[in-house]
Amino acid sequence: KELFSGGAMRASTLKGLIIHTADDLGRPGPDYSNGWGLMNTLAAAELLKNSVANPSMLTETTVTTSQKSDTYTFFNMGNESIRVTLCWTDPPGTSTTENDSRDPVLVNDLDLKVVGPDGTAWPYSLSYDDPSADATTTGKNNIDNVEQVYIATPTAGEYTITVKSDGVVDGNEQWYSLLISGQESDSDNDGMSDYWESLYFSSPTGAIASADSDGDGADNLTEYISGYDPTDSNEVFKVVDFTAPLDGTSSFILVWNPVVGRLYNVLWSDNLVYTPFELIGTNLPYTQNCYTDILERASLENFYRVDVHLDLEE
């Protein structure tokens, strides 16, 4: 309550927080003898405190029947392990009178994966047939409503977290809690990560946010947010193609080159002086590279704009 104005955390956040910050015991990862380990109250409290300054460490949000996946992008310098924990309170499942049934009973099955320079990292799973075996990380976990990805020695670079609903979302939405450790910091608080500034400007504080280093019309902060190279004038976010039929017999189509971990908004206006832009396409995922305006616009002139923002800012 002292740190967050919203009051109490969700039950899935509390459960995920305890698991995320626990000290591992026994075999690596979860096991049947020690669970997720020993609760570390100090580490849990410190994560909550640190998330005030870095909100992307702790997220409470939803997937829905229309928006079944979310992506989150961050950088890691390679000198700190990565841990990502997903937890949700699943709706009550169908009751059964069977003994020791092994059939999955999740109502809303969410999936977690992390993609980085070395490929895809999957969450822990345990073997019912071999309880003494170490937890595996070879694919989706379709059994549990807690999933965790741990990368002990990550390669420096960009990482993308995907949370996806694997199937129908009961009740049209499912709240989930996501905790992330191992993100790169922003030591000068200029909105650009230390890793990104070091990659392109040889120093974690080397980039000036308002400067246009490559002279392409986009300043460094814009290049960072859009996911393009700030030192290459040929790389800049823009509309790369469009279809604008003069006779109005078909829809207007905008095309751009999307980047992982970004969301896109499309806006429209019929007068750049007198009519404010109207939002017509909201939070389009990076997997979508175009937008089709199916409305018939009565005005003689139509103007479109595409905005981009980091998924982590939601």
Check your understanding: If you scan segment 260-279, which residues turn out to be closer than 22 Å to Gly227 by Cβ and either in contact with a Pro (Cβ under 6 Å, 6 or more places away or on another chain) or not polar (S, T, N, Q) (or both)?
Key -> Val260, Gly261, Arg262, Leu263, Tyr264, Val266, Leu267, Leu279
Revision key, fill the gap. Of Leu267, Leu295, the only residue that is farther than 30 Å from Glu184 by Cα and open to solvent by 50 Å² or more (accessible area, probe 1.4 Å) is Leu295
**Study point:** Selected residue [open to solvent by less than 70 Å² (accessible area, probe 1.4 Å), of a type in the set (Asp, Glu) and over 16 Å from the mean Cα position of the chain (by Cα)] from Asp109, Asp118, Asp129
**Key:** Asp109
Point to revise | From the options Thr89, Thr137, Thr85, Thr71, residue that is open to solvent by less than 20 Å² (accessible area, probe 1.4 Å) and modelled with pLDDT of 95 or more | key: Thr85
Check your understanding: Is at least one residue of segment 23-42 closer than 29 Å to Pro285 by Cβ and open to solvent by 70 Å² or more (accessible area, probe 1.4 Å)?
Key -> no
Point to revise | segment 14-41 residues that are within 16 Å of Ser181 (Cα to Cα), paired with ones that are assigned to a loop (DSSP other than H, G, I, E, B) and small (Gly, Ala, Ser) (beta carbon under 7 Å, 6 or more apart) | key: Ala22/Gly37; Asp23/Gly37; Asp24/Gly37; Gly29/Ala135; Asn40/Ala22
Point to revise | Condition met for Ile208 (in contact with a helix residue (DSSP H, G or I) (Cβ under 7 Å, 6 or more places away or on another chain) and assigned to a strand (DSSP E or B)) | key: no
Practice item. Hand me the list of strands (runs of 3 or more DSSP E) wholly inside segment 116-198 holding 2 or more residues that are in contact with a Gly (Cβ under 6 Å, 6 or more places away or on another chain) and either within 25 Å of Ser66 (Cα to Cα) or not aliphatic (A, V, I, L, M) (or both). Key: 157-165, 173-181
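The values are calculated or read from the model by the stated rules, or taken from the named source; none is laboratory data. It should be emphasised that the depicted structure is a prediction, and the values quoted were computed from it without experimental measurement. Positions of Cβ are backbone-derived with ideal geometry, glycine not excepted, and every protein chain shown enters the neighbour counts. Accessible surface areas use protein heavy atoms only, side chains included; no ligands, DNA or RNA. Shrake-Rupley method; radii C 1.70, N 1.55, O 1.52, S 1.80 Å.
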